[in-house]
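Input: a single structure, listed below in structure tokens.
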Amino acid sequence: MHPLKATEMDERPLLLFDSGVGGLSVLAETRRLLPHAPLVYVADSAGFPYGTKTETEIAARVPALLGRLAERFDPRLIVIACNTASTIALGAVRAALDVPIVGTVPAIKPAAELSETRVIGVLGTEATVRQPYVDALAARFAGDCRVLRHGSAALVELAEAKLQGEPRPIDEYRAALAGLFDRPGGDRIDVVVNACTHFPLVTEELAQVTPHPVRFVDGAPGIARRVAPLTEGQARPETPRPRAGFTQFGGAERHLAPALLRYGIDHAESL
């Protein structure tokens with residue numbers, strides 16, 4: 001992947017892609033570092049959720065969909081703001097598209113740097129936490145740590161419900177986390193990796209229900225830092241507001257309007 005040339009003004013957008021609204025956590029960090037970059041956020045709401053799908057389904061769906069989105073929006077860069085899609089389909093997307101692609105990986109390295117007990121929790125979707133890619137990250141960056149994993153589809157739904165303006169009882173968060181902290185060694189976890197971009201959206205709720213204090217880390221700041229140099233030095237067009245698109249646009253997506261506004265998005269459309 002090579003930095004984009006800055007020889008002339010390039011008004012093509014940065015395209016951020018997720019199965020749902022989790023990638024808004026990445027959009028927020030990207031806007032913080034690149035406030036003048038034109039952004040398009042796309043949620044594959046017709047395919048949501050990815051975390052309960054098979055690897056075969058995701059490997060077939062994501063490259064094909066991103067190919068169509070690349071034709072439609074002509075982005076100068078694509079961010080796959082989804083751990084599940086990245087850990088399964090990142091290589092195939094890079095092979096298929098002649099566009100710089102930035103993926104999302106579980107923040108195991110920073111978690112290992114922070115952990116004092118050397119016991120780390122990885123909280124993601126079921127599809128993400130079982131990937132060999134996560135094994136490789138743990139071996140490379142947390143070899144002296146015990147890494148406990150838990151996949152939760154419920155937390156993804158809780159994050160979506162929160163942004164749709166329908167917050168759920170706090171006990172549902174407690175139940176979703178029980179599978180991590182109730183594991184042998186769970187009482188020694190001191191850092192939890194939010195290995196799903198949805199989960200930073202509910203960190204406040206998660207912090208309320210952990211059985212003991214822990215630190216949460218996620219990959220959004222690192223993704224934004226990776227994106228920044230790839231567009232460094234480019235001329236920027238007059239700053240537009242980010243816009244959003246959904247592969248299925250129904251009542252649930254319309255209920256997201258107030259939340260999207262909090263992220264600077266005042267226009268959403270069906271794709």
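Please give the helix 170-181 orientation as an angle from the longest Cα principal axis of the chain, in degrees from 0 to 90, rounded to the nearest 10.
Roughly 70 degrees between the two axes.
Between A46 and E269, what is the spin-label point distance in nm, taking each point 7 Å from the Cα along the Cα→C-beta axis?
Taking the simple label geometry, A46 and E269 are separated by 1.6 nm.
Using +1 on the beta carbon of Lys and Arg, -1 on that of Asp and Glu, and nothing else charged, what's the dipole of the chain about the Cα centre, debye to 20? Spell out each step's value before the answer.
Values: 29 positive and 32 negative charges, 79 e Å.
That gives the chain a dipole magnitude of about 380 debye.
At what distance in nm do the modelled label points of D98 and H212 sit from each other, each positioned 7 Å from its Cα along Cα→Cβ?
5.6 nm
Round to the nearest 0.05 the FRET efficiency obtained for A228 and E57 when R0 = 25 Å and r is the Cβ-Cβ distance.
Working: r = 33 Å, r/R0 = 1.31.
The computed FRET efficiency comes out at 0.15.
So if a site counts as exposed when it's one of the GluC sites (Glu not before Pro), its DSSP state isn't H, G, I, E or B, and it has at most 10 other Cβ atoms within 10 Å, what's the longest stretch of the chain without one? The partial results should precede the final answer.
On the way: sites that count: E8, E116, E238.
Counting only loop sites that pass the neighbour cut-off, the longest clear stretch is 117-237.
What residue among A195, P167, P242 has its Cα farthest toward the positive end of the dipole of the stretch 161-271, where the charges are +1 on Lys, Arg and -1 on Asp, Glu, each on the Cβ?
The Cα lying farthest towards the positive end belongs to P242.
For D10 and D182 in one chain, what is 0.36 nm times their gap in residues minus the Cα-Cα distance, to one decimal in nm? Intermediate values should be presented prior to the final figure.
Values: separation 172, 0.36 × 172 = 61.92 nm, distance 5.09 nm.
Gain in length upon complete extension: 56.8 nm.
With Cβ to Cβ distances under 12 Å as the rule, what net charge do the other residues near T30 carry (K, R +1; D, E -1)?
Working: positive: R31, R32, R225, R226; negative: E29.
Once all neighbours under 12 Å are counted, the net charge is +3.
Output wanted: per-residue J couplings in Hz (rounded whole) for the stretch 39-55, from phi through Karplus 6.51 cos²θ - 1.76 cosθ + 1.60, θ = phi - 60°, x for Gly and Pro.
Whole-Hz 3J(HN,Hα) from phi for the stretch 39-55: 10, 10, 10, 10, 10, 7, 5, 6, x, 5, x, 7, x, 9, 8, 7, 4.
No value in this document is a laboratory result; all are computed from the given coordinates. Small disclaimer: the values here were computed from a predicted structure and weren't measured. Glycine gets a Cβ as well: all are built from the backbone with ideal geometry, and neighbour counts include every protein chain shown.
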